[in-house]
Amino acid sequence: MSALIFSLFIFVLACFIGFELISKVPPTLHTPLMSGANAISGITIVGALIVAGGVGGDLGKYLGLAAIIFASINVVGGFMVTDRMLEMFKKKEDDK
Amino acid sequence: MSQFLPDSVLTWLPDVIQLLYLVATAFFIRGLKLLNSPQTARRGNMLASIGMLIGIVVTLFDQQIVSFELIIIGVLIGGLIGAILAKKVAMTAMPELVAVFNGFGGGASALVAWGELARYESISAIDSTGMITIGLSVFIGSLTFTGSFIAFGKLKGFISGNAITFPGLNIINIGSMFAVLVLIVLYTINPANTTLFWVILGVSLLIGVTSVIPIGGADMPVVISLLNSYSGIAASMAGFVLGNNLLIVSGALVGAAGLILTNIMCKAMNRSLANVIFGSFGGDGASGGSGGADGDKSVRETSAEDLAIQVAYASKVVIVPGYGLAVAQAQHIVKEVAANLEERGVQVKYGVHPVAGRMPGHMNVLLAEADVPYDVLYDMDQINPEFASTDVVLIIGANDVVNPMAKTSPGSPIYGMPILDVDEAKRTIVFKRSLSVGYAGIDNPLFYAEKNQMFFGDAKKSLQALNEALKDV
């Protein structure tokens with residue numbers, strides 16, 4: 001039970017950090033923030049690696065494989081598309 | 001990969017892994033922080049991806065991992081699909097893509113929990129906390145999965161963008177959510193009953209469908225950011241299942257970020273989250289709102305030539321983009337018209353409502369694609385004081401966000417929603433295909449105002465005509 005309490009502590013504190021971090025994002029960055037955060041949620045791939053590569057029955061492994069595929073799409077696609085978007089965001093050039 | 005390491009290393013390996021997880025967490029936090037400012041955002045995204053790489057590589061050394069075939073196959077397949085989607089998808093399809101990625105993230109978390117359950121030879125080996133967290137993870141992950149794909153279908157037009165609902169749907173949804181929670185408790189008490197697991201999985205998947213289907217297109221920014229939050233919470237839950245702090249922290253960060261965005265979107269519509277989820281706003285049945293007789297309303301039409309003269313001799317023009325701009329893919333031609341006007345010495349600004357479009361920041365991304373610098377995009381609070389000194393406002397594909405009924409008519413469903421005060425400008429021009437109502441399903445008195453002129457037609461074609469006409473002025 002104490003392990004669960006410890007995890008809860010971490011969870012709640014991390015939530016507060018999240019709220020503080022994102023409190024005043026300009027609207028320009030709403031989409032990139034969302035897709036960047038979305039890519040971070042693909043961290044579940046770490047769990048997928050353990051499930052797919054660990055000891056256990058076949059069903060578990062194949063579920064793990066599916067999880068890896070899903071999470072990889074999320075991670076790779078998420079970070080790349082965020083970068084593609086941010087690349088487009090430019091400040092007005094002073095040449096005029 | 002731990003089997004390749006000498007025994008002396010193995011004794012302190014778990015601690016090293018945890019410490020490097022902490023480093024990865026720091027990268028995520030720093031990355032999110034840098035995503036708060038346009039100048040640093042790209043670096044922030046880069047840092048977050050480095051954090052992810054650290055997390056993945058370090059995990060490969062976890063002693064629980066003994067085989068790598070499936071890992072390599074999975075990462076290659078998934079990575080390739082993700083990369084292709086990210087590179088190929090048009091910027092106009094960004095809301096759909098975000099929804100899809102979100103769905104895969106949520107789905108992955110559910111699969112991780114399910115896989116963890118399946119790995120155990122006998123289910124009784126999992127303690128009750130393990131069972132509860134597995135249940136919750138499957139629940140949230142599955143509903144994120146199906147919910148995101150329904151949102152995708154709605155954005156793509158496969159499923160009607162209107163609110164699809166029937167009486168009692170909300171009660172069914174709330175009831176099912178409680179039922180799943182009860183089932184999770186029952187399953188924890190009686191883990192041998194696998195039927196319970198299937199019911200939990202099935203009902204969770206179904207809740208994702210039935211809770212997103214009744215939400216109208218205009219509320220999509222709220223739904224997308226809420227689903228984003230869910231995918232974070234799902235990852236966090238998977239972390240509880242595996243006892244993995246990296247997952248718990250990163251998931252919580254994303255969950256919190258998503259909730260903040262959701263809250264910003266709700267505020268921009270002056271509605272509560274509950275009202276968005278259960279309100280079934282934006283049905284197609286609403287007929288012209290509370291408006292009076294149609295006979296006494298007339299609109300003034302304008303032509304490209306007439307409009308060209310008006311904007312060419314204006315000193316300040318504000319462009320108000322909306323979802324219609326995205327549909328017509330008119331972002332490039334808008335930029336051309338603006339450049340043309342700027343050359344003539346006209347000051348051009350863009351006024352962007354926080355919920356314009358189908359996801360948070362939709363218009364900003366669209367205009368950025370057309371090379372519109374972000375510092376000429378003004379948000380609602382910045383642009384509203386400027387309308388009084390504006391000569392012409394070009395309203396392109398926006399409707400509800402400029403509807404004065406939000407200020408004047410307490411009976412209107414959008415009453416209280418903060419809007420762009422375009423009616424304070426000397427002239428407003430509405431680019432629109434017809435006089436049809438917006439997603440909120442209510443009439444817009446702005447169209448009939450004396451200072452307003454309508455420019456009927458497809459936004460892209462209309463702007464092209466305007467651009468041509470400007471050459472002759």
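Taking only the Cα atoms of chain B, the radius of gyration and Dmax are 25.8, 89 Å. Taken residue by residue and averaged, Cβ atoms of other chains lying within 10 Å of the Cβ of B:40-48 number 6. For the pair residue B:125 and residue B:40, the difference between a 0.36 nm per residue extended length and the Cα-Cα distance amounts to 25.8 nm. Its residue count N sets the reference 2.2 N^0.38 Å, and the alpha-carbon radius of gyration of the range B:2-279 equals 1.06 times that reference. When only alpha carbons of the protein assembly as shown are considered, Rg and Dmax amount to 25.4, 89 Å. Among A:44, A:28, A:82, the residue with the largest mean-square fluctuation in a Gaussian network model of chain A, with springs joining Cα atoms closer than 10 Å, is A:28. Between residue B:77 and residue B:172, the modelled label-to-label distance comes to 3.4 nm, taking each label 7 Å out from Cα in the direction of the beta carbon.
For peptide B:92-98, the mean count of partner chain Cβ atoms within 10 Å of a residue's Cβ comes to 3.
For chain B, the longest principal axis of the C-alpha atoms and the axis of helix B:331-343 are separated by about 50°. Take the Cβ-Cβ distance between residue B:26 and residue B:424 as r, set R0 to 45 Å, and report the resulting FRET efficiency rounded to the nearest 0.05. FRET efficiency, residue B:26 to residue B:424: 0.40.
Amide H contacts under 5 Å for residue B:453: B:428, B:429, B:430, restricted to partners 5 or more places along the chain or on a different chain, H placed in the peptide plane at 1.01 Å from N. With contributions of -39500 (n - 2.57) from each DSSP H run of at least four residues, the per-residue ellipticity at 222 nm computed over the protein assembly as shown stands at -19500 deg cm²/dmol. Sorting the segments B:236-249, B:418-431 by their mean number of nearby beta carbons within 10 angstrom, highest to lowest, gives B:236-249, B:418-431. Residue ranges B:131-137, B:73-79 sort as B:131-137, B:73-79 when ordered by packing (mean number of other C-beta atoms within 10 Å per residue, highest first). Model label sites at residue B:415 and residue B:461, defined 7 Å from Cα along the beta-carbon direction, differ in position by 3.9 nm. With a cut-off of 16 Å on the backbone N, no residue of the range B:45-62 is near the modelled label site 7 Å out from residue B:8 along Cα-Cβ. When the chymotrypsin sites (Phe, Trp or Tyr not before Pro) in the range B:32-106 are filtered for DSSP coil states and for at most 14 other beta-carbon atoms within 10 Å of their beta-carbon, the remaining sites are B:68. Taking every alpha-carbon pair under 8 Å whose residues sit at least 6 apart, chain B reaches a relative contact order of 14 percent. Amide H contacts of residue B:319 (H built 1.01 Å from N, in plane; Pro and chain starts excluded): B:349, B:350, B:351, B:394 sit under 5 Å, all sequence-distant by 5 or more or on other chains. Axis angle, to the nearest 10 degrees, between helix B:94-119 and the longest C-alpha principal axis of chain B: 10 degrees. The long axis of helix B:169-189 is offset from the longest Cα principal axis of chain B by roughly 10 degrees.
In straight-distance terms, cross-link reach from residue B:460 covers every one of the lysines whose alpha-carbon lies under 16 Å from its own, apart from those fewer than eight places away in the same chain; here that gives B:335, B:432. Screening chain A for DSSP H helices whose Cα atoms reach 27 Å or more along their own axis and whose mean Kyte hydropathy is at least -0.5 gives A:2-21.
For the range B:193-279, dividing the convex hull volume of the Cα atoms by the residue count gives 87 Å³ per residue.
Here the 3J(HN,Hα) profile of the range B:302-313, calculated from phi with Karplus coefficients 6.51, -1.76 and 1.60 at θ = phi - 60°, is 10, 10, 4, 5, 5, 5, 4, 5, 4, 6, 5, 9 Hz, Gly and Pro shown as x. When both bridge partners sit in chain B, DSSP labels roughly 0% of those beta bridges antiparallel.
No lab work stands behind these numbers, since they all come straight from the coordinates. This structure is a prediction, so every number in the text was calculated from the model and none was measured. Backbone-built Cβ (ideal geometry, glycine too); neighbour counts: all protein chains shown.
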